[in-house]
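Undergrad: Dumping the structure here so I can ask a few things about it.
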Amino acid sequence: MRNQPEAGERSGLAEAETEALQRPAVSNRAVTRGDVTPSIEPLNCQNPAGKQDSGGSESRPHSIGRVTTAFVATALVVMGTLVVTGALLAIVALIPLGIDAARSVGVRVMARQITEDAGTKIAAITIFAGTYLFIAIGKLPGYQLDRAGAALLGASLMVGLGVVSLDQAYRAIDFDTITLLLGMMILVANLRLSGFFRLVSNWVVACASRPLVLLMAIVLVAGAFSAFLVNDTICLVMTPLVLDLVTRLKRDPVPYLLAIPMASNVGSAATITGNPQNMIIGSLSHIPYGTFAAALWPVAAVGVVLTAVLIALVYRREFLTSERLPAVATSPARHHRSLVIKSVLVAVAMMVLFFAGQPVAKVAIVGGASLLVTRKVKADKVYREIDWTLLLMFVGLFVVVTGLEMTVLTPETIVAVSRLDLETTPVLSVVTAGLSNLVSNVPAVLVLKPFIANSLDPQRAWLVVAMASTLAGNFTLVGSAANLIVAQRAQARGVTIGFWAYFKVGAPLTLLTILFGAWWL
């Protein structure tokens with residue numbers, strides 16, 4: 001039955017669609033780590049039309065300051081790129097030296113190996129270092145280039161400078177990952193536009209009688225949905241709903257908001273479709289969906305419990321109390337019943353096919369495309385919910401990493417690095433977690449690809465990388481895109497989540513969950 005808030009005029013779906021159209025900045029938002037600001041920024045209109053610039057002497061210092069900031073930022077990035085490039089060149093040079101020295105090969109042979117294709121190697125290392133340094137920083141002051149643009153620029157330079165050919169660049173792109181992510185985004189967009197998540201929010205309000213129960217409900221919902229749907233989109237949808245709820249209940253919003261990204265990150269570790277890095281790992285490793293879930297769902301389950309426990313302990317005054325929540329009136333959720341049912345049925349069918357062993361990319365894109373056949377939602381509204389910049393960043397990173405792999409990561413180099421005890425779960429967990437916090441989890445997974453593929457037990461190694469790269473996102477506020485999405489949306493509503501407020505819960509949660517995951521695997 002259709003929900004009609006005004007006498008026969010507009011359906012609940014129409015209201016939801018109107019609300020989505022009134023907030024274009026949310027839909028066109030990049031969810032890569034640090035890029036959660038709208039893609040179109042307001043212009044600086046200090047000199048309105050029709051007025052002469054009488055303060056030229058005042059505007060000139062402002063322009064000079066911006067140019068100086070841009071110049072200094074560019075110089076720092078160039079210096080950092082040169083340092084990283086030099087370090088990588090030294091490593092690449094020393095590893096063949098060590099291998100050849102161990103084999104008692106002459107100095108002339110070693111010199112020939114070091115200088116062979118030096119120009120291509122230097123170009124590949126410089127492009128790779130510059131791209132990853134930019135991704136680690138997030139945004140360059142004075143420039144509008146974002147992470148997706150940096151990845152695309154790096155890929156273009158790899159092709160333009162001859163590090164990889166155009167055909168090799170095409171083959172480097174993992175279209176299974178892109179297809180899977182696109183299909184899941186379409187599914188989540190339909191669930192959101194249908195009003196499904198508002199129905200869930202009303203259910204949480206009805207069930208929660210105490211602050212601790214409300215916290216547990218938020219953690220369970222965020223963790224469970226993120227286990228099967230993309231965690232970043234779950235955070236994007238849940239943040240305004242939770243913030244509106246706790247505001248009406250007159251509670252401190254910070255601990256409840258912290259529960260969203262932390263539970264989402266932990267829960268997304270359970271399956272291949274939980275987050276983008278798991279999708280890449282699933283495509284590269286060819287681990288069956290059921291096998292992946294069977295290995296990592298206990299880690300996710302323990303992590304969800306630890307999330308609720310740590311937040312409750314850190315915010316004892318809020319949760320360890322006998323106080324009951326006041327009753328709040330819940331308005332009927334704006335939704336369209338038929339579209340909710342259709343979206344849920346498609347989602348369930350997709351999960352069944354995933355566990356049945358069907359190719360996840362094929363199932364995701366067929367399921368997502370089938371949801372576009374409707375008389376209720378225009379296709380362009382669904383397209384605005386898709387994070388195209390994330391897909392673009394993936395394409396660029398695939399090419400950049402392939403360029404480095406083809407020119408620098410020779411079989412001898414890979415074998416030499418593999419001797420650094422990466423076969424052991426604790427060492428691989430620490431390396432993956434550290435790299436994920438340095439350059440973000442998706443680039444970290446791509447960098448580790450050649451080393452994992454040559455390990456003695458690639459399946460176990462990939463599962464360790466999936467576990468550590470995902471759980472590492474809870475360490476700091478800038479550790480994952482999910483964290484920044486929640487912080488940005490809360491800031492827009494006047495609620496600030498500080499670095500320390502996040503760190504005092506996220507750091508111990510990361511350490512405990514990775515320790516358990518390493519022990520379990």
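The values are calculated or read from the model by the stated rules, or taken from the named source; none is laboratory data. This structure is a prediction, so every number in the text was calculated from the model and none was measured. Every residue, glycine as well, gets a Cβ built from its backbone with ideal geometry; the counts of neighbours run over all protein chains shown. When the accessible area is computed, the model is the full protein with side chains, heavy atoms only, and any ligands, DNA or RNA have been set aside. Shrake-Rupley method; radii C 1.70, N 1.55, O 1.52, S 1.80 Å.
Undergrad: Could you go through the stretch 221-229 in sequence order and give the Karplus-derived ³J(HN,Hα) for each residue, using 6.51 cos²θ - 1.76 cosθ + 1.60 with θ = phi - 60°, rounded to whole Hz, and x for Gly and Pro?
TA: Per-residue couplings from phi come out as 5, 4, x, 5, 5, 5, 5, 10, 10 Hz.
Undergrad: So, one more: Tell me, how many Å apart are the Cα centres for the stretch 267-307 and for the stretch 481-521?
TA: Each part reduced to its Cα centre gives a spacing of 19 Å.
Undergrad: Ok, one more. Given a Förster distance of 41 Å, report the FRET efficiency between Thr291 and Leu438 from their Cβ-Cβ distance, rounded to the nearest 0.05.
TA: Taking R0 as 41 Å, the efficiency between Thr291 and Leu438 is 0.90.
Undergrad: Now, a different point. Note the full-extension length gain between Trp520 and Ala507 as 0.36 nm times their separation in residues minus their Cα-Cα distance, in nm to one decimal.
TA: So the extension gain works out to 2.7 nm.
Undergrad: Please find the FRET efficiency linking Asp380 to Ala206, where r is the Cβ-Cβ separation and R0 is fixed at 41 Å, and quote it to the nearest 0.05. All intermediate terms of the calculation are to be shown ahead of the outcome.
TA: On the way: r = 35 Å, r/R0 = 0.84.
FRET efficiency, Asp380 to Ala206: 0.75.
Undergrad: Beta carbons within 10 angstrom, averaged per residue: use that to sort the peptides 143-151, 459-467, 231-239, highest first.
TA: Result, highest mean first: 231-239, 459-467, 143-151.
Undergrad: Let me ask something additional. Could you rank the peptides 380-388, 437-445, 468-476 by their average count of other C-beta atoms within 10 Å per residue, with the highest value first?
TA: 468-476, 437-445, 380-388
Undergrad: Work out from phi, with θ = phi - 60° and the Karplus expression 6.51 cos²θ - 1.76 cosθ + 1.60, the ³J(HN,Hα) of each residue of the stretch 238-244, listed in order in whole Hz, and give x for Gly and Pro.
TA: Coupling constants for the stretch 238-244: 6, 4, x, 5, 5, 4, 5 Hz.
Undergrad: Shifting gears a bit: Using protein chains only and a probe of 1.4 angstrom, how many square angstrom of Ser209 are accessible, to the nearest 10?
TA: So the heavy atoms of Ser209 present about 40 Å² to solvent.
Undergrad: For Leu456 paired with Val302, estimate the spin-label separation in nm (one decimal), with each label point 7 Å from Cα along the Cα-to-Cβ line.
TA: Here the modelled spin labels are 2.4 nm apart.
Undergrad: Follow-up question, since we're still on this one. Within the set Lys342/Lys378; Lys250/Lys342; Lys121/Lys449, which residue pairs have Cα atoms separated by over 24 Å?
TA: Lys250/Lys342
Undergrad: Moving to a separate point now. Any idea how far apart Val309 and Tyr170 come out in nm if each label point goes 7 Å out from Cα toward Cβ?
TA: Calculated label separation equals 5.4 nm.
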